[in-house]
Amino acid sequence: MRILAIDYGQKRTGIAVTDEMQMIGSGLTTVASETALTFLANYFAKEKVEKVLIGDPKQMNGLPSQSAPLIEAFIEKFVVQFPDMPLEKVDERFTSKMAFQTMIDSGLKKKQRQDKALIDEISATILLQDYLSRKK
């Protein structure tokens, strides 16, 4: 069964998923945030998912960031729509910066690094990989 990670944003939501054996996390897609629940419903109908991780945005001092209410609202809808799906919040403080650095390190051109959808997907992947490495 897979673990799915969500980097939920105001406009876009990055989604990453593990392989069946939960060894490797890979970027799956980026969807418009208003369609995220529909996308997940379709995905859950096709794939076995054991757990969903969602980025929990915090400020450096550990307090919730300004996007926290947006994510809480999404979580409330998620829990209603998927009551049997375990959902775990994961600290995402550095994922966007790490995603951007990953893009630079992998040699992506400036135009590609400005692709915010790609940043969201890589952020979700980093969230997932970090979770997997801590789980081991």
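Values in this text are rule-based calculations from the coordinates and carry no lab data. Just so it is clear, the model here is predicted, and its values are computed rather than measured. Heads up, the Cβs are rebuilt from the backbone with ideal geometry, glycines too, and the neighbour counts pull from every protein chain shown.
Quick rundown of the values:
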read-out	value
Ranked packing of 83-91, 35-43, 127-135, most packed first, by mean Cβ within 10 Å	127-135, 35-43, 83-91
Given LYS111/LYS135; LYS11/LYS46; LYS11/LYS58; LYS11/LYS110; LYS11/LYS77, the pairs whose alpha carbons are separated by over 27 Å	LYS111/LYS135
Calculated from backbone phi, Karplus (6.51, -1.76, 1.60) coupling profile of the range 68-77 in Hz, x at Gly/Pro	4, x, 4, 6, 4, 4, 5, 4, 4, 5
Interatomic Cα distance distribution for the range 1-75, bins of 5 angstrom, percent	3, 15, 26, 24, 16, 11, 5, 1
Length added when fully stretched, TYR43-GLU72, from 0.36 nm per residue minus Cα-Cα	8.3 nm
